[in-house]
Amino acid sequence: MSWEIVMGLEVHLQLATQSKIFSGSSTQFGASPNVQADAVDLGMPGMLPVLNEEAVRHAVTFGLGIGARIGQRSVFDRKNYFYPDLPKGYQVSQFFAPIVCEGIFEVPLENGSLYPIRITRAHLEEDAGKSVHDEFAHETGIDLNRAGTPLLEIVTEPDFRSAEQAVAYLKALHSLVTYLGISDGNMAEGSMRCDINISLRKQGSDELGTRTEIKNVNSFRFVERAIHSEYERQAEILERGGAITQETRLYDADQDTTRSMRSKEVANDYRYFPEPDLLPILIDEAYIDAVRQSLPELPTAKRERFLAEYGVSEYDASLLVPNHDMADYFESVARASGAAKLAANWILGDLSAALNRHELSITESPISAERLSGLVSRVEDGTLSSKLAKQVFDALWQGEGDADQIIAARGLKQVSDSSALEAMVTEVIANNPDQVAQYIAADEAKRKKLSGFFVGQIMKASQGQANPQMINQLLLEKLESQS
Amino acid sequence: MAENALLTAPVSKLKQLLGDGTVSSEELTKAYLAQIAAENASLNAVVTVCAEEALASAREADAQIARGTTRSLTGIPLLHKDIFCTEGVRTTCGSRMLESFVPAYDATVVTKMKAEGAVMLGKCNMDEFAMGSSNETSFFGPVKNPWNLSCVPGGSSGGSAAALASGMAPLVTGTDTGGSIRQPASLCGVTGLKPTYGRVSRLGIIAFASSLDQAGPMARTAEDCALALTAMSGIDPGDSTSADISVPDFHSALSTDVNGLRIGLPREYFNDDLDSRVRENVMAALAELERAGAILHDIDLPHSHYAIATYYVIAPAEASANLARYDGVRFGYRCDAPADLEDLYQRSRSEGFGEEVQRRILVGTYALSAGFYDAYFNKAQQVRRVITEDFQRAFEHVDVIAGPAAPGVAFPFGSKQQDPIAMYMEDIYTLAVNLAGLPGLSTPAGLIDGMPVGLQLIGKPFDEQTILNAAFRLQNDTDWHLACPDLASLSS
Amino acid sequence: MSVTPQDVEKVALLARLAISESDLPEVTERFSRVLNLVDELNTIDTESVTPMSNPHDMEQRLRPDIVTRDDNRKALMASAPAQEQGYFLVPKVID
């Protein structure tokens, strides 16, 4: 039997703020346990929350970024449950009236088309702390540094029918929120965590099956694998006539399986009610307009523009655009060098390879956009052959100055002077009479192959500086005249 | 001045004595500390005494007086209800749960009183987590009423009221979620003011029901309450619900002029259920105000009846969440040798909380749980608006609403403890004021069989001045507020 | 409305309160009395009344996004019942 998978996603996005959503503690990642948890974050007696304006602004920015309706009066609620990493015994969230209401997010697929996903809502809430299980033999350690970090929970309708769509959505979402500057998007540090609601149904059926929820998947690769593994599990149960239990599951990357979460066994009743320590957030049109004015160009628009303005390929655009910094870098190089296609090749080729090798992001590149554009310009104007350009690139990477300085210092200039080149060609022909004889005797196809030998000799003699196009031309003329 | 007279003098008088050098703050502080030492064993009104710190700040106050750099309460001794967090000083909230909890911060009220120069003597006993009307729910034992040691002082600020009435301090703080300042003030014969919700910051006050809690002063006179209210009030960036509204100098604006003041008497308060002797005393006090030029009107607060039901859904519901943080993990009581996490939670909480607190947590949890939210919590929030609108309509015609502060005088220990409902009825005249967020005060209105009874005056939102003025005039024309229990007979 | 001992046990679990077998009948009885008291709410029509969460019609104030707190772990953890290496400790939790 064939099963259709139906999924909705809930993404917990850490918003990029200096301080926490309800306290003045730092949100910086990686501090010693509990040094970034003040009395509010620890839920100490008598402590009260005060809302961070930047968190509100980020939420509204997101809402406008996907064209969603903004809740003009949104309210915080308490979600009540006990867990050691939840200091107050409730999480302050938005249940009844979220700050971002329904919207549509257009996800670019690999084939270039857009796949619309319905966003149900996005609401502000505080993050919980962390439980550390492996530090102590018989106890669990609680670190509340993360408690109170502002989150935006983005909830979709059950609009996904494949793991690929889900991953495409998450990648596009990641791209959008980093463009908007509302999150650092650092998945390794948990800035974007995904809950996946999965159910299966018979192909062609309209009814939804019983769903499970896979919690806290924090990489694109794991999302894909978790979905596949959960699909297999549910399909196997359904195939033998079994029933799916509605439950929360955890993806175990080591085993590549999902398993039921024991800690969630006690049925939860979250008892949401309006948080009396906070008042309604009122957002007026003027505020919304001001945020709208400050919206940057978004990925979809940038992609269109790159195609039209720079003539890059769809494929190159799909690699350049998602990372905002990469797109900016490209645009700087393309503008300064006036050679967009070449700029894209260098960035997506040698530069990306080198960055990957050294595990650096584009913003950490030792070669600035200005310096790369210097290199691209010298390739474009014929000063550098591609072979020489690679040498210059390596020197740029080592920080030996800008492209022109390196060319001058190493004497790497491509030799395009025809009399100098002619002398080289003549010399090589004179020094290799056997090969010349072979060439003359050979047919058209073989001649092409043999001419490579002469080019190689000349490049070697010129230490790679000879202009290869001109060498080819001259060599052909000389050899033809011999025959 | 005789020791005894110092102990019963109002703050306004003490300020004068400090100012003209008749007495030093150190002398005053020693006198009150001595009174606490002498009487607390029988009254149990104070749970923590800070003698050293108090004497140090008294000496600092004396230095300021000498330099002429005084503030509104410089050198005045003060006791805080043990619900206000005090940095470095144990804050118990009357609970085993916080028996050894030492906050790393001061409540805003504590900071403000300190900044005004007040000298903190210690912390007052109270009903556990402010849940109670008799001070019998405290983990540290019941507080006795100084007027009759076999009777309760009221609650939950019963320790504060008893300490004030017995001369342990001239000024005390309390909190009032459903009557916890006004009812004990009534039962102990002192003046107690619950300000408008939002007037005083809640930051650092251990929460009971966040949308109802409000801190206020208790003192011997309305004048002292005005002085203390000015010191305590004001917007606090750390409390989102504190009101961004200017704070008048309530003390300098005090006036005895009540000519033409319209006082509304709700028919629902003065009905056949009201104890006839309480009615007599309350009406006698109102007659005094009438003589001074006030006009009495009968008014209707038609939904008053629903206040108890509404309150006993909203307050426990909010409390059930506010008290979830007491889980034995980060601070407070933890049970011995927990077998696992669930055991840690359940035993820490059921051993750390007393019976009344647990009952309210259960009721509140129930009222919010799946299937009951609409019938209980949401419904109560709707009725809360209906009750509030009753007041709004009434205040279109009157300036002040008057009634009893409590249904009777102080009652004997144990007489209502077995029946939660009987105890809840103690606040029948005060709860609605919290639901509507209005200011209310209780001022002494004579004695019934030697026990005090209070007149409650309720004002419009942020109009504490008008009810303070009315009480000020009443205290100007009568001497009910000067009645004191016989301090000499207390320890015997 | 009256509740059964099972109702009370269910609510007690949600609230993480342990009620002993011997206390259960009395807790249930008193719980029911409180519920009977608040059941009076059912006698008033509140159709179309907006629920009231806060006494005043105020809106939330916003705080500038500035770090104002320094590390105060030592003082804040002074009252912790169990701690080690800067962590609060609880009995081993298995997810």
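The values are calculated or read from the model by the stated rules, or taken from the named source; none is laboratory data. What you are looking at is a predicted structure, and each value in this text was computed from that prediction instead of being measured. So basically every Cβ, Gly included, is an ideal-geometry build from the backbone, and we count neighbours across all protein chains shown. Side chains included, ligands, DNA and RNA excluded: accessible areas come from the protein's heavy atoms. Shrake-Rupley method; radii C 1.70, N 1.55, O 1.52, S 1.80 Å.
Below, the figures for the structure above:
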{"quantity": "Stokes-Einstein diffusion coefficient of region B:217-374, Kirkwood radius over Cα pairs, 25 °C, 0.890 mPa s, in µm²/s", "calculated": "118 µm²/s"}
{"quantity": "Two-decimal Rg/Rh across the protein assembly as shown, once Rg and the Kirkwood Rh are taken from alpha-carbon atoms", "calculated": "1.14"}
{"quantity": "Proximal aspartates and glutamates to C:LYS92, defined as alpha-carbon separation beneath 18 angstrom and excluding residues fewer than eight positions away on the same chain", "calculated": "A:ASP85, A:ASP134, A:GLU135, A:GLU139, A:ASP143, A:GLU265, B:ASP327, B:ASP336, B:ASP340, B:GLU342, B:ASP343, C:GLU84"}
{"quantity": "Long-range HN-HN contacts of A:TYR90 with modeled amide H, under 5 Å", "calculated": "A:TYR81"}
{"quantity": "Phi-based couplings in Hz for region B:470-477 (Karplus 6.51, -1.76, 1.60; Gly and Pro marked x)", "calculated": "4, 5, 4, 5, 4, 6, 6, 9"}
{"quantity": "Net charge over other residues, Cβ less than 10 angstrom from the Cβ of A:ARG118 (K, R count +1; D, E count -1)", "calculated": "-3"}
{"quantity": "Surface/4 estimate of mean projected area, convex hull on alpha-carbon atoms of region A:418-482, nm²", "calculated": "3.9 nm²"}
{"quantity": "Per principal axis, descending, Cα span of chain B in whole Å", "calculated": "63, 53, 46"}
{"quantity": "Lysines whose Cα lies under 21 Å from that of B:LYS379, excluding same-chain neighbours fewer than 8 positions away", "calculated": "A:LYS79"}
{"quantity": "Per residue convex hull volume, Cα atoms of chain C, in Å³", "calculated": "281 Å³"}
{"quantity": "Largest-first ordering by accessible area, 1.4 Å probe, given options B:LYS123, A:LYS413, B:LYS15, A:LYS79", "calculated": "A:LYS413, B:LYS15, A:LYS79, B:LYS123"}
{"quantity": "GluC sites (Glu not before Pro) within region B:1-94, DSSP loop, no more than 13 other Cβ atoms inside 10 Å", "calculated": "none"}
{"quantity": "q = 0.24 Å⁻¹: log10 I(q)/I(0) that the Debye formula gives for region B:278-332, counting C-alpha atoms only", "calculated": "-0.96"}
{"quantity": "C-alpha long axis of helix C:5-14 to longest principal axis of chain C, angle in °", "calculated": "20 degrees"}
{"quantity": "CD proxy at 222 nm, helix term only [per DSSP H run n ≥ 4: -39500 (n - 2.57); per residue of chain B; nearest 500]", "calculated": "-11500 deg cm²/dmol"}
{"quantity": "Three principal axis lengths of region B:326-470 [C-alpha, angstrom, descending]", "calculated": "61, 42, 28"}
{"quantity": "Tail beyond 24 Å, pair distance distribution of region B:384-492 (Cα, percent)", "calculated": "37 percent"}
{"quantity": "Helix axis angle, A:220-239 relative to chain A longest principal axis, alpha carbon, degrees", "calculated": "60 degrees"}
{"quantity": "Helix A:418-431 vs. chain A, principal-axis angle (Cα, 0 to 90°, nearest 10)", "calculated": "70 degrees"}
{"quantity": "Pairwise label distance in nanometres, A:ARG201 with A:ARG305, each label 7 Å out on the Cα-Cβ vector", "calculated": "4.1 nm"}
{"quantity": "A:SER368, B:SER210, reordered so the largest accessible area comes first (probe 1.4 Å)", "calculated": "A:SER368, B:SER210"}
{"quantity": "Largest-first principal axis extents, alpha carbons of region B:236-321, Å", "calculated": "47, 39, 21"}
{"quantity": "Rg ratio (alpha-carbon, reference 2.2 N^0.38 Å) - chain A", "calculated": "1.31"}
{"quantity": "Alpha-carbon centroids, region B:214-249 and region A:325-365: separation in whole Å", "calculated": "62 Å"}
{"quantity": "Cα-Cα over 21 Å, subset of B:LYS114/C:LYS74; A:LYS413/A:LYS446; A:LYS387/A:LYS460", "calculated": "B:LYS114/C:LYS74; A:LYS413/A:LYS446"}
{"quantity": "Rg in Å to one decimal, and Dmax rounded to a whole Å, for region A:297-410 via C-alpha atoms", "calculated": "13.6, 43"}
{"quantity": "Gyration tensor verdict on region B:77-219 (Cα atoms; rounded if a/c is under 1.5, prolate if a/b is larger than b/c, oblate otherwise)", "calculated": "rounded"}
{"quantity": "Cα-based shape type of region B:152-307, given that a ≥ b ≥ c are square roots of the gyration tensor eigenvalues and the cut on a/c is 1.5", "calculated": "rounded"}
{"quantity": "Rounded to the nearest 20 debye, dipole of region B:258-367 from Cβ charges on Lys, Arg, Asp, Glu", "calculated": "300 debye"}
{"quantity": "Accessible area, probe 1.4 Å, largest first, for residues A:PHE95, A:PHE306", "calculated": "A:PHE95, A:PHE306"}
{"quantity": "Cα-Cα pairs of region B:142-193 separated by more than 11 Å (percent)", "calculated": "58 percent"}
{"quantity": "Translational diffusion of region A:33-161, µm² s⁻¹ [Kirkwood Rh, Cα pairs; Stokes-Einstein; 4 °C; 1.567 mPa s]", "calculated": "78 µm²/s"}
{"quantity": "Debye, to nearest 20: dipole size of region A:297-410, +1 on Lys, Arg Cβ, -1 on Asp, Glu Cβ", "calculated": "280 debye"}
{"quantity": "Computed over region A:3-290, the ratio Rg/Rh where both radii use C-alpha atoms and Rh is Kirkwood", "calculated": "0.96"}
{"quantity": "Dipole-positive endmost among A:LEU388, A:ALA343, A:SER361 within region A:297-410 (Cβ charges, Cα centre)", "calculated": "A:LEU388"}
{"quantity": "P(r) weight above 17 Å for region A:53-99, C-alpha pairs, percent", "calculated": "45 percent"}
{"quantity": "Under-5 Å amide H pairs with A:THR258, H placed in peptide plane, nonlocal only", "calculated": "A:ASP252"}
{"quantity": "Full-stretch length increase - A:THR245, A:THR363 - with 0.36 nm per residue and alpha-carbon distance subtracted", "calculated": "37.8 nm"}
{"quantity": "222 nm mean residue ellipticity, helices alone, for chain A (DSSP H n ≥ 4; -39,500 (n - 2.57); rounded to 500)", "calculated": "-12000 deg cm²/dmol"}
{"quantity": "For region A:3-290, with +1 on Lys and Arg beta carbons and -1 on Asp and Glu, the positive-most of A:SER32, A:SER191, A:PHE76 along the dipole", "calculated": "A:PHE76"}
{"quantity": "Farthest toward positive dipole pole in region A:1-116 [+1 Lys/Arg, -1 Asp/Glu at C-beta], among A:GLY65, A:ILE99, A:GLN14", "calculated": "A:ILE99"}
{"quantity": "Within region B:193-271: Cβ-based charge dipole about Cα centre, in debye rounded to nearest 20 (Lys, Arg +1; Asp, Glu -1)", "calculated": "260 debye"}
